[in-house]
Every structure is written in C-alpha cells, then in structure tokens.
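Everything below concerns the one structure shown next.
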Amino acid sequence: MNTQKLIFRSMRKNINMYYLYFFAMIISISLYYIFSTLQNDQMIIEMNQASMNFSTSFQVAGILLILITIVFTMYATTIFIRRRSQEIGLYQLIGLSKGWVARVFITEHAVLGLCALGIGLIVGTVLSRLFMLLFMNMIGFETVIGLPFSGMAVLQTLIVFTCLIILTSLQIIWTIYRSTLLQLFQASHKKEEVVKQPTIVSIFLGVMGFVLIGFGYYMSTFIVEQADMLMFLMIFVLASTILGTYLLFHTTISWLFNTFRKKKNGHLGLYHSLSVASFMHRIKGHANSLTLITVLSAMTITMISLSYSLYYSTEKDVRLAMPFDFALENMQDEAEQISFQLDEANIAYETDQLEAIRFEGTWVNQGSTLDRAFMLFSAEQLVHAGLNVEIPKTGEAIHYNTRAIIEGNDISLPKSIEYNDASQIVVTEFKLENVMNYRFYGEQIVVSEETFRSIENHLQEGETSELVSFNIFQLVDTENAEAASTIFLSSLDPDAFITDFYSAYEESLQTFGLLIFIAGLLGLVFILSTGSILYFKQMTEAEQETSHYRTLRQLGFQVSDILRGIIRKQVFVYVIPLVVGLMHAAFALNVGSVLMATSMVTPIIISMTVYIVIYLLFALFTIGYYKRIVKRAL
C-alpha cells in the first residue's frame, strides 16, 4: 500500500473523530471570511475612515477571531494526536522513521485543512449576503446588496489559515519527535490520578476556591465607585475570580465529591459510579480546560449581553440624553427659519421657549475647589414644554445628568452648590436623565419657578452668570424625522457643533449595531470552540471507558441503565462550567448595569437563553456519542 492510499484510508477510518472538528473548522473559516468580506466592503471602509470606533472595533475583532481559532485548532490537534498515539507507535515499531510518520500525519492534516478551507470559503460566500443584510439592518441602512465577493477577503483568509496549518504541522512534528514508544502506547490509556482522602491542605484550597470567587464578586461592586482605581480593581477582580475558578475545578469539587462518597461509605451504586466517581477521578486533569471554558463562557455571555443591551435600548438612552428633537441656544433667527421650513414641508411639530441661568459654582464637600458651569432650569417651564419632571420644594433642587456615573461623579445626597462665594443651592435628588440636550454646556439643575426667580435676582449681583434662552422643538410627525433633521442641520453653521435627536440616534444605532454584530460573531466562535473542546474530551473518555461498559453489559446491565449514569456525568461536565460561567457573567453585568440608564433584564435573558441552548446541544451530541459507544461495547 502506497502512502497516498494509506492517508485516505486513515482518514476514512477516523472520520468519526474528525467530523465535528471538520465542521467546526468550516464554520470558523466561513465566519472569518464573512468578517473579512465586511471589513473590505466599500461602505464599511468609508465608515472606518469616518469613525475610529468602527476601524478599531474591526481590527480588535479580527485579532480575537484569529487567536480563538488558533487556540481551538491547536487544542483539538493535541487531542487527535493523543487518540492516535498507538497508530504512531505502531508505524515506528515496524521500522518507519519519525520523519515518514510526521509527513503522513502532516499530509493528512493538510488535506483536511484544505478541504475545510475550500468548503468554508464557499459557505462564507453564500452566507456573506445574509450577514451583510443583517449588519445593514442593525445599523439602520437600507440598500440593495448583491452576492458579495472580495478577492482581498479570500487572500486574507488563505493567508491566515495557511499559517494555521503550518503552525499545527509544527505541533505534529514536535509531538512525534519528542515522544517515546512507551509514551505513545500509554497516552490513550493514561488514567487520571485517583483522588485521595482530603488533607488539611486540600480542604483549605477547596474552601479558598469559594472564598476567592466570592471576594472577586465583592470587589467588583467597588469598580464603579472607585473610578480612579478602575484598572487595578479590574485586574484584581479578574485574577481573584480566575484563580478561584481554577481551585474550584482542581480541588473544591473533588473535595465535595469525596465528602459525598464518604457519607455513602463508598457504596455509590451504578449511577453514581458512572457519574460522580468518573467525574471526580478526572476533575484535576480537566481543571485547566474547564477553567478556560468557564472564563470564556462568562466573557462571551457578558460581551453579548452588554452589546445587545446597548443596541436594544439605543432609542431610550438617546432620548434620556436628548429630551428634545431640536434645541437652540440664543439663536432666535435660526429657530424662526427652521419653523418656516418645517411648515413649508408640512412636518407637524410643537415648539416652546425655555429660560435657563448658566453660572459658575462649586460642589461643596466634593474634594475639589475648581469652578464648573451649571445650568439652572425652572421645573414649571419644563413641564409646560412637555417634559415629565418633578417640581422640587422651594429652596431645593434636583440634579439631572445621564453621564454622572460613567464620568465617576459623586451622586451622594444631599449636597450643595456654592455660588457667588457664599450662597448655596441644596440638591436633594439625582436623576439619571437630562432636561436639556447634552450638547449644551453646564450641569443641569432643576428648581421650582419661585426658587429660579429668586436665584436669578441674586445672581444679577455677580459677574459669572448669564440668562440663556432655548428654543426647543418636538416633532409630532416622527415619520418625517429624517427630513426634519436635514432641515435643522442645513439651517445651522456646520461649526456650531449642534446635533439633533435623530442624528444622535442614527449614530448610536450604527455604533451599537456594529458592536453587537462583532460580539455575536465572536460569541459564536467562542461557543463553537468551548463546546467542541468539551465534546472532544468526552469522546476520548468514552473510548477509554469502553472496556468498563463492555463489562457492565456482560453482567447484564441494559444500555438505558448505563446511559442514566452517563447523563448524570454530562450534567456535571457541561452544567457546572455553564452555571459558574453564568454566575461570573451575572456579576459582571451587574457592574455594567450601573453604567446604563435603562433596564438590561430583557436583553440579558434573551442572550443567556440563546447561549444556554447552543451550549447544551453539545451535551446532547456527547450523550449520543456515548450511546453509540455503549451499544458497540458488547
């Protein structure tokens, strides 16, 4: 038999080991090609040139996609080499050189990779139009899209995955040349170290797993309050949580299972022997991979949930920051011109005029003596203009600011604003919203009309204040918002740096649409990688335990009896990392929710549900594989 026939015969023989790996590689290649196609699309290039956010996001996402694919492919290659270690040993035992064996395996791997690359490019080309339409819909663009094809995207994909094949080929050469015959024949039958009775050290480390995770959760609550120590706290929380997660899988779970076994006096029964004992004996060997999977799961859920929350609440968030469709400061002539043009275009609207006092003052007891600008509004005037605001008591004020938490401002109450060197305004309440569009200078303070007039008369004695007049517009005919926005912007000097609600909403929609698209793309690659890694490891364990299943079948146990224990084991293998990852994500999202003005509950529930469903599909595939192994055992 020549080498070529040997390679294809080997591939046919090992097709059951390769099919999911092959499928995952095709998906990874397709997604990277789709991403490259988008990156090289002319409209996306124009967006990148217009916005650093677009350009940076695409670059970071591209690097992450490559890194994830490299880690996944190298990990999967390691598992497959280990599973075929006896085959490598037999080739060497009959006198074939390590160089010949390496060439055969590299050729087989290259053929597999090139086939996946070809199919992935075809699938990517077909799906790229769907993804392009999805992306355009997310950012609010309406355009006709054909079947996109980018030569540059093909070249990028070829370069990346050719480098990946070279990297994994070097990995194969390294493994074959550094392994002895004894190591090769024992690799696939290597057993995990049996867990011994817990010692004081293992009990201490087991408890420390919970303590470090809990401490990381606790410290995460200070991230928002201590904005000046943000980087240090984030690194500390990540280190504590990851180390705690590692100890949880390496020691804590084994310790808990040992305690359970001790209470049973070692009489676990069939189901617990196939689940608890099997998982317990292998948990230390799985600690690294389970920690990685848990952290990646938490990161994926957090990333997708946050990006979807931002996209989901875009309109509401922008409206909180810009309560009026149009607002002009001391621009009466421009306001009249805009009203005239809106009337000419038959666009229905409501308009009003607001007074405000801009003055210099200082927050009392804020650790700073620097003056800052404030804008004082009358609550009664705001209500007349259509805003639903609370009217403060005489002498009191409400602070409105959608960015106070993000900027790290102290929002503890009550507090005071000092102006004119001695006078003070007492702020008794804080609202995470604005009463005037955010583009205008000054922190927004609302008082009653009586207090407003009193302060106005008092400030006239000073030199650091001015009376400001705002013309505000609220569109009744929202279907013509785009046309109204064009009229508004064309009536102003481009250097005025004034925008309107519709333009701000469209800009936010594009930014967050890009963010959720990239997060979804990365999340899909993450979940394919983590799910496949778990599946590959369970395939290996299933084959290692074939002799145990054969013995049980010979003793008269039915396939259904054995599967019950196996299903319990898969609950531990898949559900424990998932639950811990969800807990990590929940605390991370809790920190993120403080920075957002709107509720994140619905986006988080949707994101987590989708992730859990896809993740658990791998558990079903694993149970199906075990079922086939058990059936063939006898």
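Note on the range 440-508: Kirkwood radius taken over Cα pairs, Stokes-Einstein applied at 20 °C and 1.002 mPa s, translational D equal to 140 µm² s⁻¹. Taking amide H as placed 1.01 Å from N in the peptide plane, Met331 has its amide H under 5 Å from the amide H of Asn471, each at least 5 places away in sequence or on another chain. Across all C-alpha atoms in the range 494-634, the radius of gyration and Dmax reach 22.9, 86 Å.
Placing a pseudo-label 7 Å from each Cα along the Cα-to-Cβ vector at His548 and Tyr441 gives an inter-label distance of 7.3 nm. Take the Cα of Asn288, step 7 Å toward its Cβ, do the same at Thr486, and the gap between the two points is 6.1 nm. In plain terms, the chain from Glu429 to Ile235 could stretch by 66.5 nm, reckoned as 0.36 nm per residue minus the Cα-Cα distance.
For the pair Ala586 and Asp495, label points projected 7 Å from Cα toward Cβ lie 5.6 nm apart. With 0.36 nm allotted per residue and the present C-alpha distance subtracted, the Leu524-Leu467 stretch has 15.1 nm of extension available. Label reach from Ser560 (point 7 Å along Cα→C-beta): in the range 600-634, amide nitrogens under 20 Å belong to 623-634. In order along the range 600-616, the phi-based Karplus estimate (6.51 cos²θ - 1.76 cosθ + 1.60, θ = phi - 60°) of 3J(HN,Hα) comes to 9, 4, 4, x, 5, 4, 5, 4, 5, 4, 4, 4, 4, 4, 5, 5, 6 Hz; Gly and Pro are listed as x. Taking 27 Å as the limit for the C-alpha separation, the pairs Lys569/Lys631; Lys393/Lys431; Lys262/Lys569; Lys263/Lys631 exceed it in the case of Lys263/Lys631. Between Glu344 and Val575, the contour length at 0.36 nm per residue exceeds the Cα-Cα span by 76.9 nm.
For the range 561-634, pairs of C-alpha atoms spaced more than 19 angstrom apart make up 50 percent of the total.
Scoring 105-115, 579-589 by mean Cβ neighbours within 10 Å over their residues and listing the highest first yields 579-589, 105-115.
If R0 is 51 Å, what FRET efficiency do you get for Ala373 and Phe215 from their C-beta distance, rounded to 0.05?
Efficiency computed from Cβ-Cβ geometry: 0.80.
Between Asp477 and Leu620, what FRET efficiency comes out of the Förster formula 1/(1 + (r/R0)^6) with R0 = 41 Å and r the beta carbon distance, rounded to 0.05? Efficiency at R0 = 41 Å is approximately 0.20.
At 1.4 Å probe size, put Thr464, Thr175, Thr486 in order of accessible surface, largest to smallest.
Ranked list, largest accessible area first: Thr486, Thr464, Thr175.
Among the trypsin sites (Lys or Arg not before Pro) within the range 420-457, those in coil by DSSP and having at most 16 neighbouring Cβ atoms inside 10 Å are Arg439.
The values are calculated or read from the model by the stated rules, or taken from the named source; none is laboratory data. The structure displayed is predicted, hence computed values, not measured ones. Quick reminder, even Gly has a Cβ in these numbers, built from the backbone with ideal geometry, and neighbours come from all protein chains shown. Heads up: the accessible areas ignore ligands, DNA and RNA and are worked out on the full protein's heavy atoms, side chains in. Shrake-Rupley method; radii C 1.70, N 1.55, O 1.52, S 1.80 Å.
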